[in-house]
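The values are calculated or read from the model by the stated rules, or taken from the named source; none is laboratory data. Quick caveat: nothing in here was measured; it's all calculated off a predicted structure. Cβ sites come from the backbone with ideal geometry, for glycine too, and all protein chains shown count toward neighbours.
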Amino acid sequence: MNDQTPAQMRPAGAAPGAVDAASPARLKRVSDGAQAPLLPDFCNIGIVVRVLLAANAAAVAHALVGAASPGDAVGRFVTIAAWLEGSVLLSLAALCTVRRSVAGRARSLQWATAVGVPAVATALVSWGVHRIGLDGPGAASAPVAWPAALRALAAAGAGWVLVEYFRLRARAFSPSLSEARLQALQARIRPHFLFNSLNTVLSLMRSRPREAEATLENLADLFRVFMRDTRELVPLDDEIETCRQYLAIEQLRLGPRLEVSWSLDTMPGDALLPSLLLQPLIENAVHHGIEPRTEAGLIAIRVERVAERVRVEIVNPLAQDAPARPGNQMALSNVRERLMLLYDMEAELNAAPADGRFRLTLEFPYRKERRRRDVRRHHNPDR
Amino acid sequence: MSDAITILIVDDEAPARSRMREVLSDLVPQFPHRVVGEAANAPEALAQIESQQPVIVLLDVQMPGMTGIELARHITARAADADGSNPRPMPRIVFVTAHDEHAVEAFEVGAVDYLLKPVRAQRLLDALQRVQKVIPAEQLAAIEGLARATHTQRKHLSVHERGRVILVPLDQVVYLKAELKYITVRTREREFLIEESLTSLEEEFEDRFVRIHRNALVARGSIAGFERVAPSADNTDGGGDPYWQVVLRDIGDKLPVSRRQWSVVKGLVG
């Protein structure tokens with residue numbers, strides 16, 4: 001089975017639950033419900049769109065159920081929409097704003113925010129709409145307190161359901177089963193790579209001891225990264241350094257068969273991305289594009305900034321036939337899953353053969369580290 | 001020195017070959033031998049085996065182009081089907097692999113030995129001493145078993161021509177036709193002769209070839225269409241009845257389809 005089958009990713013039915021791409025400190029334990037922030041990322045477009053759609057679908061359903069005629073249904077919907085749209089948008093905007101400051105606090109405060117913010121927003125909008133008379137014909141003279149209170153109560157319920165939904169979803173997406181954990185661990189430790197690399201080091205030991213040393217140093221750095229929590233966010237510069245170390249080891253093993261070209265001129269080195277997002281893709285390119293070939297092949301890596309997004313392109317030769325060995329099929333789907341969890345609809349991964357080569361493109365939002373400038377930044381020019 | 005055991009190292013990775021040389025050189029006192037060559041791929045390996053006649057081949061399992069297991073099949077087949085006029089000793093094969101659970105499982109059963117990379121001197125010495133005692137027929141059977149267990153399908157046919165081994169990629173084969181003792185292998189460019197059985201080829205490459213006649217297998221992808229041939233004086237094949245023939249892509253040859261196979265074959269082209 002070849003991992004490099006044409007495919008496209010546009011996750012539609014999923015939202016990034018409790019994960020916030022912009023705050024590394026909070027990203028530590030997505031799967032362990034206890035420490036995860038309760039509120040989903042309400043600033044995420046995917047979530048905003050989905051919440052709006054759900055609210056309007058409920059409004060349409062309500063309008064239809066009690067309607068005497070189609071015209072009546074439209075009228076009923078307009079009456080509901082008058083206060084509903086504003087309430088939802090105000091709730092989302094408020095949640096988006098306060099989310100960050102609430103995330104690290106007590107669970108009870110987070111719950112209170114999830115339930116209270118929509119309730120208050122709905123009450124405010126209802127009152128406002130009533131004041132300017134959009135509330136429906138003849139409604140201006142009716143008392144506003146009761147309808148507004150009932151709507152606020154409904155909004156509080158909706159907030160509760162929403163948070164509960166994203167909690168369940170985050171749990172479903174996290175590899176909590178021990179088998180999945182083991183697989184993930186094995187994929188990261190990469191036994192084949194380890195043994196091949198050790199064999200390379202041994203072959204250098206007698207004739208080129210200095211290169212053997214440098215290779216062991218690279219290997220040590222790589223395994224430190226492999227064993228780190230892959231949900232941790234790192235600057236792009238660090239991830240590229242990991243890729244370079246990996247390729248340096250493979251270069252020794254594969255010799256002139258492996259050619260690599262980098263174009264990183266407009267790469268935003270401070271952009272944050274999940275650790276080990278790119279390295280497995282490059283490893284994949286080596287396995288499928290270079291290892292099965294007897295002649296030399298080029299892996300071209302380009303990382304650039306396109307407006308407020310980071311765009312990565314990896315091109316490798318197309319495998320002549322089946323890969324030399326199975327076992328790496330998981331790489332692409334793994335990266336895809338992680339992208340979906342983190343960025344939802346804002347990330348895109350395309351992989352397909354083009355002009356006799358295999359081209360993979362990856363785009364994700366350009367987010368910089370806002371606080372804690374120097375989390376991990378050690379660049380060694382010797383490498 | 002001339003009667004020292006000769007060894008060939010086959011591995012696509014240069015560091016792995018030099019490491020193997022180093023470990024072997026450490027073993028010279030315990031196991032007198034001579035490394036007669038190194039090969040980075042299957043054609044090189046077959047050429048070296050032909051010219052150097054090594055006693056032992058240390059063969060990497062993961063190689064591009066052709067896996068070590070397929071190469072082992074070509075190496076052993078080459079020795080096994082040599083006719084009496086030119087008997088060639090079968091080289092003893094020791095497989096070397098970095099990490100492959102499935103292959104390792106398969107190795108456990110047969111009369112072939114394997115080493116795990118990185119290779120240890122003592123373990124290599126054991127393998128070298130043991131492999132000399134392996135009986136060729138047992139090794140042949142073990143490698144066939146290994147190929148089955150690892151689902152290694154040959155991607156090439158090996159053809160022996162004037163003391164040379166030529167590897168014909170299967171995807172270039174248009175048809176296989178049994179003729180007396182031999183099978184004609186027709187590629188786009190030319191023909192080769194091999195000594196194998198059409199039935200076993202049919203079984204092994206069922207997904208690639210279809211039988212159109214008692215004596216012929218045709219590559220499914222090479223069938224361009226069918227033609228009906230009217231009965232004529234020189235058409236005695238179908239007893240004077242009309243029959244169908246396959247028109248082949250690229251080479252323009254036509255081969256008759258037997259009445260028995262027609263029902264199977266006719267569905268292949270829309």
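Among the residues of segment B:23-43, which ones are of a type in the set (D, E, K, R) and buried (at least 16 other Cβ atoms within 10 Å of the Cβ)? Selection gives B:Arg34, B:Glu38. Taking every residue in segment B:245-259 that is of a type in the set (Ser, Thr, Tyr) and pairing it with any residue that is surrounded by fewer than 18 Cβ atoms within 10 Å (Cβ to Cβ) and outside any loop (DSSP other than H, G, I, E, B), at least 6 positions away or on another chain, yields no pair with a Cβ-Cβ distance below 9 Å. Among the residues of segment A:253-268, those identified as surrounded by fewer than 15 Cβ atoms within 10 Å (Cβ to Cβ) and more than 14 Å from chain B (Cβ to nearest Cβ) are A:Glu259, A:Ser261, A:Ser263, A:Leu264, A:Asp265, A:Thr266. For B:Phe107, all conditions in the list (1) modelled with pLDDT under 90; (2) within 17 Å of the chain's Cα centre (by Cα); (3) within 26 Å of A:Thr294 (Cβ to Cβ); (4) more than 14 Å from chain A (Cβ to nearest Cβ) hold save one; what is the number of the exception? Unmet condition: (2).
Taking the criterion of being within 14 Å of chain A (Cβ to nearest Cβ) and hydroxyl-bearing (Ser, Thr, Tyr), the residues of segment B:1-46 that qualify are B:Ser18, B:Ser25.
Taking the criterion of being hydrophobic (A, V, I, L, M, F, W, C) and modelled with pLDDT under 75, the residues of segment B:54-87 that qualify are B:Ala79, B:Ala80, B:Ala82.
Looking at the structure I just gave you, is B:Arg211 in contact (Cβ under 8 Å) with a residue 40 or more places away in the chain and either in a helix (DSSP H, G or I) or out of contact with any Leu (no Cβ under 7 Å at 6 or more places or on another chain) (or both)? So B:Arg211 fails the test.
If the requirement is being among the hydroxyl-bearing types (Ser, Thr, Tyr), at negative phi and at pLDDT 80 or above, which of these qualifies: A:Ser87, A:Ser31? First the steps, then the outcome.
Working: A:Ser31 fails: at pLDDT 80 or above.
Exactly one residue qualifies, and that residue is A:Ser87.
A:Val201 - would you say it is within 30 Å of B:Ser25 (Cβ to Cβ) and either at pLDDT 65 or above or surrounded by 13 or more Cβ atoms within 10 Å (Cβ to Cβ) (or both)?
In short, yes.
Any residue at all in segment A:210-219 that is among the β-branched types (Val, Ile, Thr), more than 9 Å from chain B (Cβ to nearest Cβ) and within 17 Å of A:Ser275 (Cβ to Cβ)? Give the steps one after another, and end with the answer.
Going residue by residue through segment A:210-219, those that are among the β-branched types (Val, Ile, Thr) are A:215.
Those left that are additionally more than 9 Å from chain B (Cβ to nearest Cβ): A:215.
So of that shortlist, the ones also within 17 Å of A:Ser275 (Cβ to Cβ) come out as none.
For segment A:210-219, residues among the β-branched types (Val, Ile, Thr), more than 9 Å from chain B (Cβ to nearest Cβ) and within 17 Å of A:Ser275 (Cβ to Cβ): absent.
Of the numbered criteria (1) surrounded by fewer than 13 Cβ atoms within 10 Å (Cβ to Cβ); (2) modelled with pLDDT of 85 or more, the one A:Ala142 fails is (2). Taking segment B:188-207 as the range and being surrounded by 12 or more Cβ atoms within 10 Å (Cβ to Cβ) and either part of a helix (DSSP H, G or I) or not acidic (Asp, Glu) (or both) as the test, the residues that pass are B:Arg188, B:Phe192, B:Leu193, B:Ile194, B:Leu198, B:Leu201, B:Glu202, B:Glu204, B:Phe205. With respect to B:Leu167, is the statement that it is over 30 Å from B:Val246 (Cβ atoms), in a strand (DSSP E or B) and among the aliphatic types (A, V, I, L, M) true? So B:Leu167 does not fit the description; no. Looking at segment A:88-96, is at least one residue surrounded by 19 or more Cβ atoms within 10 Å (Cβ to Cβ) and either outside any helix (DSSP H, G or I) or more than 30 Å from the chain's Cα centre (by Cα) (or both)? Within segment A:88-96 (the criterion being surrounded by 19 or more Cβ atoms within 10 Å (Cβ to Cβ) and either outside any helix (DSSP H, G or I) or more than 30 Å from the chain's Cα centre (by Cα) (or both)), the answer is no, since none of the residues qualifies. Restricting to segment B:170-185, name every residue that is in contact with a helix residue (DSSP H, G or I) (Cβ under 9 Å, 6 or more places away or on another chain) and within 16 Å of B:Glu206 (Cα to Cα). Scanning segment B:170-185 gives B:Asp171, B:Val173, B:Val174, B:Tyr175, B:Leu176, B:Lys177. Those residues that are surrounded by fewer than 20 Cβ atoms within 10 Å (Cβ to Cβ) and either within 14 Å of another protein chain (Cβ to nearest Cβ) or in contact (Cβ under 8 Å) with a residue 12 or more places away in the chain (or both), I need them from segment A:224-234; list them, please. Hits for segment A:224-234 are A:Met227, A:Arg228, A:Asp229, A:Thr230, A:Arg231, A:Glu232. Note on segment A:317-342: among residues that are touching a helix residue (DSSP H, G or I) at 6+ places or on another chain (Cβ under 8 Å), more than 14 Å from every other protein chain (Cβ to nearest Cβ) and under 18 Å from A:Ile282 (Cα atoms), the one that is modelled with the lowest pLDDT is A:Met330.
Return yes when A:Leu281 is modelled with pLDDT of 90 or more and assigned by TED's automatic domain parsing to the domain that holds A:Gln251 and no when it is not. Against the criterion (modelled with pLDDT of 90 or more and assigned by TED's automatic domain parsing to the domain that holds A:Gln251), A:Leu281 qualifies.
Filtered by the rule that a residue be surrounded by 22 or more Cβ atoms within 10 Å (Cβ to Cβ) and among the aliphatic types (A, V, I, L, M), segment A:235-246 gives a lone residue, A:Leu236. Of all residues in segment A:273-309, those that are away from every other protein chain (no Cβ under 14 Å), in contact with a Leu (Cβ under 9 Å, 6 or more places away or on another chain) and small (Gly, Ala, Ser) total 2.
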